[in-house]
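*Asks:* Once you've had a glance at the structure underneath, I'll fire off some questions.
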Amino acid sequence: MPPLPRPEHSATIPSILTNPDPGRLVWNAQPRGCAPPRNGPWSVANRKRRHGRSREHGNGQESIQGAVRIGCRPRLSPHRIPPSVSTTAGGTKRQDTLAANRGKGGCQEARPAGRSATGGAAGGIMEGLLMRTPPRLFRPFLLAAALASGAVAPFTPAQGAMVLNVGLAGDPGPLDPAQSGNFIDRNVFAAICDKLIDTDADMNYVPQLATRWEWSDDQRVLTLHLREGVRFQDGTAFDAEAAKVNLDRYRTLPRSLRRAELAALEAVEVTGPFTLRLRLQAPSAPLLAALADRSGMMLSPAAIQQRGEAIGQRPVCAGPFSFTERVAQDRIVVDRFDGYWNAAAISIDRIVYRPITDSTVRLLNLRSGSLQIVDQVAPTDVAEVQSNRRLRLARHVAAAYRTLQFNVAHGPRAETPLGRDPRVRQAFEKAIDREAINQVVFNGLFVASNQTEAPGSRYWNPDHPVGGADLAAARALLRQAGITRVPFTLQLANTPVDGQIGEVIQSMARDAGFDVRLEQVESNAGTQKNQAGDFDAALLTWSGRSDPDANLSIWFACNGPFNFGRYCNPRMEALLGEARGLADPARRAPLYRQVVDLYRGDAPHVILYHYTWLWGLSERVEGFVPNADGLIRVQGLRLRP
């Protein structure tokens, strides 16, 4: 096959919206019904009757980097570009006409993603707790670019080439595994950078660049046996020396976000051309999870030496696709690497990743055929995808979850009945109906959950099933604590979906004796308040990991990096340490069940739900396997003509 031409650059703002009409048709969102049920205790009508007001949220909420739209569904209907939208050689200027067209009480525009526990700024070991929120000016810029038609000519690959166009819910960060802090980055890395270890659809470890591994009897040495015959995309060979260069870089580079993940690693030793020995300061089973993520991604040492910290601008890895081009906030292009060790699993010639924060625009481009895969379909769009015979929906319960963290020991705001007395926090939990939240806010598509591990998974504790609200038990616990009303402030992200979650919780808790004030704050402001202990309770997010320790210690270890409320229980510390030192899941599971017993009793958190990953696929896509980590893996993917 002749080589694929490089994409052309353009001075205009590129758009992937197909536009066959020379009259330049664009879409406009109009109200067409809202997500909350018309009847029932949490309907809009009942909220009006009970609280004298109703807040309808817009159609653009994106709780996982631009995904979950709550409230009104848009009707995608063509409208000619109004006079206030003008296209120029330098880009697109968009004023407020589209927002005005929606009308009062209609659907609002999309807003940036829901806030993560770190606020999405530099969540190194937690990849920004789900995903980094795009800058506020970024989403409308992209939307304007997508709405403008005819801004740039489509790519013209060689005849017969298979080109896969993927719509991502945000723009990836630096493509350097050492400096990556976004979930979205990992979708691109899945195509260009193989790891030492991978995970399957259900988060079990499987070989990739390491064909096998074993622990020493004392669990302090991990030996990796590496795959032979692998080459980086610059033609240099992958071996144990190359792996050592990468691991040493990740754990010593001053700006590396992998340092905390590899903190237990004491030394990396090359014991043979394709054998690596990792010596640990103390037993640490979660090391495998790190090697199955960015700490295990292998870059070419020659490219590292040549480009230094700028390697993220043009990464050279050992994956199936090589980096070709990036246009910030528009596209990342990768092309098939013919020297890939598992070339038989690759049939796509080129992948074009398009960052589109607005889920409505992603769906429109999927319907038009401009995109063949979109990630993070909004729950309110699922029915539309399923009813379209040219589209398919793929889903998988996610490792990612939302949790409400209480301030129990961090400054003056912890000196309240809510902060001091676990019975008060238990009462609050009994006032909450998780499944009602799921139905009202997410159309029943997410998974009500009260633990860090998803229901039914290996480390889920069946002794604590997810139940509904029990107001009588909640009031009884408050009486035991000697109080009748509990006022507190719940901190939320400044997004429609968090506002809707907050209103449902506020209404539920009021009936049990809690007067909840909702405080919606911007990401950075919320992070600063949490770090300073300036909060009563905060709704946070974690993207989930394959090892249970990484889903627990961040919150419940005394020095956990996101233990903003400063919960500290010596028994918890001992259990986490003991489980961390064991590699056998059968021996770890009973310890983690005790961990669940403990945090369910102490109640420093109230976990609400696990996400469900939702992908929209063109009928042309074959071989797509949904994974619990939410990544789009390219091995086995095919496109029908």
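The values are calculated or read from the model by the stated rules, or taken from the named source; none is laboratory data. Given the structure is predicted, the values throughout are model-derived calculations rather than measurements. Because the Cβ atoms are built from the backbone with ideal geometry, glycine has one as well, and the counts that use them run over all protein chains shown. Accessible surface areas use protein heavy atoms only, side chains included; no ligands, DNA or RNA. Shrake-Rupley method; radii C 1.70, N 1.55, O 1.52, S 1.80 Å.
*Asks:* Restrict the check to segment 285-298 and report whether at least one residue is surrounded by 15 or more Cβ atoms within 10 Å (Cβ to Cβ) and more than 21 Å from Thr199 (Cβ to Cβ).
*Replies:* No - not one qualifying residue is present in segment 285-298.
*Asks:* Okay, next question. Would you confirm whether any residue within segment 551-574 is in contact (Cβ under 8 Å) with a residue 40 or more places away in the chain, polar (S, T, N, Q) and touching a strand residue (DSSP E or B) at 6+ places or on another chain (Cβ under 8 Å)?
*Replies:* Yes, segment 551-574 contains a residue that is in contact (Cβ under 8 Å) with a residue 40 or more places away in the chain, polar (S, T, N, Q) and touching a strand residue (DSSP E or B) at 6+ places or on another chain (Cβ under 8 Å).
*Asks:* Follow-up question, since we're still on this one. For segment 536-558, enumerate the residues that are closer than 19 Å to Phe183 by Cβ and either hydroxyl-bearing (Ser, Thr, Tyr) or not in a helix (DSSP H, G or I) (or both).
*Replies:* Leu539, Leu540, Thr541, Trp542, Ser543, Gly544, Arg545, Ser546, Asp547
*Asks:* Still on this model: Pairs, please: C-beta under 8 Å, at least 6 apart or cross-chain, first residue open to solvent by 30 Å² or more (accessible area, probe 1.4 Å) and in segment 610-639, second among the acidic types (Asp, Glu) and not in a loop (DSSP other than H, G, I, E, B)?
*Replies:* Pairs that qualify, where the first residue is open to solvent by 30 Å² or more (accessible area, probe 1.4 Å) and the partner is among the acidic types (Asp, Glu) and not in a loop (DSSP other than H, G, I, E, B), are Arg638/Glu622.
*Asks:* Can you find a residue in segment 400-411 that is modelled with pLDDT under 95 and either under 25 Å from Leu631 (Cβ atoms) or not polar (S, T, N, Q) (or both)?
*Replies:* Looking for residues that are modelled with pLDDT under 95 and either under 25 Å from Leu631 (Cβ atoms) or not polar (S, T, N, Q) (or both), one finds at least one in segment 400-411, hence yes.
*Asks:* In addition: Yes or no: segment 519-533 includes at least one residue that is more than 23 Å from the chain's Cα centre (by Cα), crowded, with 22+ Cβ neighbours inside 10 Å and in contact (Cβ under 8 Å) with a residue 24 or more places away in the chain.
*Replies:* No: zero hits.
*Asks:* Within segment 399-457, can you find the residues that are assigned to a helix (DSSP H, G or I), within 15 Å of Ala474 (Cα to Cα) and among the small types (Gly, Ala, Ser)?
*Replies:* Ala427
*Asks:* Can you tell me how many residues in segment 364-382 are open to solvent by 10 Å² or more (accessible area, probe 1.4 Å), of a type in the set (S, T, N, Q) and part of a helix (DSSP H, G or I)?
*Replies:* 1
*Asks:* It is to be established whether one or more residues within segment 252-263 are on the phi < 0 side of the Ramachandran plot, at pLDDT 95 or above and among the charged types (D, E, K, R).
*Replies:* Looking for residues that are on the phi < 0 side of the Ramachandran plot, at pLDDT 95 or above and among the charged types (D, E, K, R), one finds none in segment 252-263, hence no.
Yes or no, residue by residue, for (1) open to solvent by 30 Å² or more (accessible area, probe 1.4 Å); (2) over 30 Å from Pro548 (Cα atoms); (3) among the β-branched types (Val, Ile, Thr):
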{"residue": "Pro462", "(1), (2), (3)": "yes, no, no"}
{"residue": "Val466", "(1), (2), (3)": "yes, no, yes"}
{"residue": "Leu477", "(1), (2), (3)": "no, yes, no"}
{"residue": "Val486", "(1), (2), (3)": "no, yes, yes"}
{"residue": "Ala493", "(1), (2), (3)": "no, no, no"}
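*Asks:* Here's another thing I want to ask about it. Give me the pairs, please: first residue somewhere in segment 391-415 and on the phi > 0 side of the Ramachandran plot, second residue anywhere and of a type outside the set (S, T, N, Q), beta-carbon distance under 8 Å, and either six or more positions apart or on two chains.
*Replies:* Sorted first by the residue in segment 391-415, then by its partner, the pairs are Gly411/Ala532; Gly411/Gly533; Gly411/Asp534.
*Asks:* Something else about it: Would you kindly identify the strands (runs of 3 or more DSSP E) lying entirely within segment 263-354 that contain at least 3 residues that are within 29 Å of the chain's Cα centre (by Cα)?
*Replies:* Where strands (runs of 3 or more DSSP E) fall fully within segment 263-354 and carry at least 3 residues being within 29 Å of the chain's Cα centre (by Cα), they are 321-327, 331-336.
*Asks:* Oh, and also: Residues Val268, Val245: which one is touching a residue at least 24 places away in the same chain (Cβ under 8 Å), surrounded by 15 or more Cβ atoms within 10 Å (Cβ to Cβ) and within 22 Å of Gly181 (Cα to Cα)?
*Replies:* None of the other options fit; the residue is Val245.
*Asks:* Would you tally the residues in segment 464-494 being outside any loop (DSSP other than H, G, I, E, B) and either modelled with pLDDT under 95 or of a type outside the set (Phe, Trp, Tyr) (or both)?
*Replies:* Of the residues in that region, 17 qualify.
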